[in-house]
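Structure first, then comments.
The values are calculated or read from the model by the stated rules, or taken from the named source; none is laboratory data. Keep in mind that this is a model prediction, so the values were computed, not measured. Cβ sites come from the backbone with ideal geometry, for glycine too, and all protein chains shown count toward neighbours. Areas reflect the complete protein model, heavy atoms only, side chains present, ligands, DNA and RNA absent. Shrake-Rupley method; radii C 1.70, N 1.55, O 1.52, S 1.80 Å.
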Amino acid sequence: MNPSSPKHNADPDVASGDGCFPFEAIQELCTTFVQQSDLPDRPPLHSYIYKVAAAAQPTLLRNLLHIEIARRRANGEQPAADEYLNELPSHATLIKQVFLESTSFSQIEVESHSELATTGSFQMPSARHLGSFRLLRELGRGGMGAVFEAEHLVRGHRVALKTLPTWDGSRLHRFKREFRSLTHVNHPNLIGLHSLESDGSHWFLTMDLIEGTDFLSYVRPKGMLDEDRLRSTLPQLVAGVLALHGQHIIHRDLKPSNVMVNREGRVIVLDFGLVLEDMNASHVASAEGVAGTPRYMSPEQIRQGNLTGASDWYAVGVMLYEALSGSTPHQGKIALELFRNKMDLEPAPLPEECNAPPDLADLAMRLLHRDPTSRPDAFQIATFVTGSSSASVESPKSEATTHLVGRQTQLEQLQAALQHSYSEQ
């Protein structure tokens, strides 16, 4: 979740066409405003407002005012709402609201800043407000937007808040529909989604705030494989994927940064920004173009072919291979080269020097087969990770496999997910 920040264009409509997220434009203008705040010839606040489209102006103004008020008070000044009402009379209601907020929450701001400053990942965003939430720090960034730790202004609870890119009406409509379907999926290995909201032209979603580490860092602490951790988390990862597939949902972007392990060792699958609600919705995927993270994408996903649950299992195979060896099975300096390698070459065998457990190495290589029909199916994968030679779901493809033992509660959840997955197909 760490691509470079998109280039900002002063015209937000043009910027959106370049793939720039609406809130990115707000962030960049706020950063510029902060950098220029002490210049003697700094442009007046209202001049920044007109650099964005009308729909984005309230969000930008709210953030700039909070920055301005805090700066002036820190310098011993007492800014008044009337000063800004004269500059921006059309935003009178918003200006009064911001001054009320800045008084009511000033102490909370200081406490939040002090608390976060003691953490190693402290990174305060320039823009601090979106909808009813105060942004506390940036947690990550990816192709579908930035993720922040945020606090509700009234209720005080903290969430993970993810900004969304600019979409046309049909794409936004489909995402709303898929978001509603996902809010009904309640599973311990899937992140809990809270709400889908907008602030002017800026859409964002809120979800559980997870404290932990990404999958790869957890199973390879200090760059070395911890086999016990891998064997306890793999069944949970499989259970989470099965829960999605049981709802006819394909994730399409499974990768270590989208799979977290919390402090109790529970695996949580994140980031449903690229989900397909229809397990066979290849026409939708083709219309959107290639979507996903190249190193974890299946060959059929690159071809924009018919996507099934096997595409997600391929990504799980890449993650397992990387957990065992420390590197992904296909290498390429650029996406095009990586795609070509995946289309033309079978994955390289796991290096002997990594001393991968044979059963896990075998599963990884089987999941990485270029032909999706030749990969293990959901039943075979679940049978493997439960260590069961006779699972409770009948399948013509069932076979005894090497045992992988995890925690009993998690294995029971996995079996339930598998039952549900087959009952829905």
inquiry  = Based on this model, can you work out whether Met279 counts as modelled with pLDDT under 90, of a type in the set (A, V, I, L, M, F, W, C) and closer than 20 Å to Leu363 by Cα?
reply    = no
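Tell me yes or no: at least one residue of the stretch 334-342 is at pLDDT 90 or above and open to solvent by less than 10 Å² (accessible area, probe 1.4 Å). Walk me through it before giving the result.
Start the filter on the stretch 334-342 by keeping residues that are at pLDDT 90 or above, which leaves none.
Looking for residues that are at pLDDT 90 or above and open to solvent by less than 10 Å² (accessible area, probe 1.4 Å), one finds none in the stretch 334-342, hence no.
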request  = Kindly indicate which of Gln247, Gln236 is surrounded by fewer than 24 Cβ atoms within 10 Å (Cβ to Cβ) and within 21 Å of Phe379 (Cα to Cα).
outcome  = Gln247
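Per-residue answers, yes or no, for (1) modelled with pLDDT of 95 or more; (2) in contact with a Cys (Cβ under 8 Å, 6 or more places away or on another chain); (3) not β-branched (Val, Ile, Thr):
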position	(1), (2), (3)
Ser195	no, no, yes
Met207	no, no, yes
Ile210	no, no, no
Leu225	yes, yes, yes
Thr233	yes, no, no
Leu242	no, no, yes
Arg252	no, no, yes
Gly273	no, no, yes
message = Any residue in the stretch 151-164 that is of a type in the set (Ser, Thr, Tyr) sitting within a Cβ distance under 6 Å of a residue that is open to solvent by less than 40 Å² (accessible area, probe 1.4 Å) and assigned to a loop (DSSP other than H, G, I, E, B)? List the pairs, counting only those 6 or more apart or interchain.
response = Thr163/Phe21
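Does Ile26 satisfy being closer than 16 Å to His202 by Cβ, touching a residue at least 24 places away in the same chain (Cβ under 8 Å), among the hydrophobic types (A, V, I, L, M, F, W, C) and in a helix (DSSP H, G or I)?
Values: closer than 16 Å to His202 by Cβ: yes; touching a residue at least 24 places away in the same chain (Cβ under 8 Å): yes; among the hydrophobic types (A, V, I, L, M, F, W, C): yes; in a helix (DSSP H, G or I): yes.
Here the answer is yes, as Ile26 does meet what is asked.
Results for (1) open to solvent by less than 30 Å² (accessible area, probe 1.4 Å); (2) at pLDDT 90 or above, shown as yes or no for each residue.
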| position | (1), (2) |
| --- | --- |
| Pro12 | yes, no |
| Phe33 | yes, yes |
| Pro43 | no, no |
| Tyr50 | no, no |
| Thr59 | yes, yes |
note = In the stretch 200-220, residues that are closer than 26 Å to Leu60 by Cα and open to solvent by less than 40 Å² (accessible area, probe 1.4 Å) total 5
request  = Just need a number here: residues in the stretch 181-191 that are within 17 Å of the chain's Cα centre (by Cα) and free of Cβ contacts under 8 Å to residues at least 40 places away in the same chain.
outcome  = 1
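Could you tell me how many of the residues in the stretch 149-170 are modelled with pLDDT of 85 or more and either part of a strand (DSSP E or B) or loosely packed, with under 15 Cβ neighbours inside 10 Å (or both)? Reasoning before the result, please.
Initially, the stretch 149-170 is screened for residues modelled with pLDDT of 85 or more, giving 149-163.
The next check asks that each one be either part of a strand (DSSP E or B) or loosely packed, with under 15 Cβ neighbours inside 10 Å (or both); those that pass are 149-152, 154-163.
Here the count works out to 14.
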query = Which of the residues that make up the stretch 352-369 are touching a helix residue (DSSP H, G or I) at 6+ places or on another chain (Cβ under 6 Å) and at pLDDT below 90?
reply = Cys354
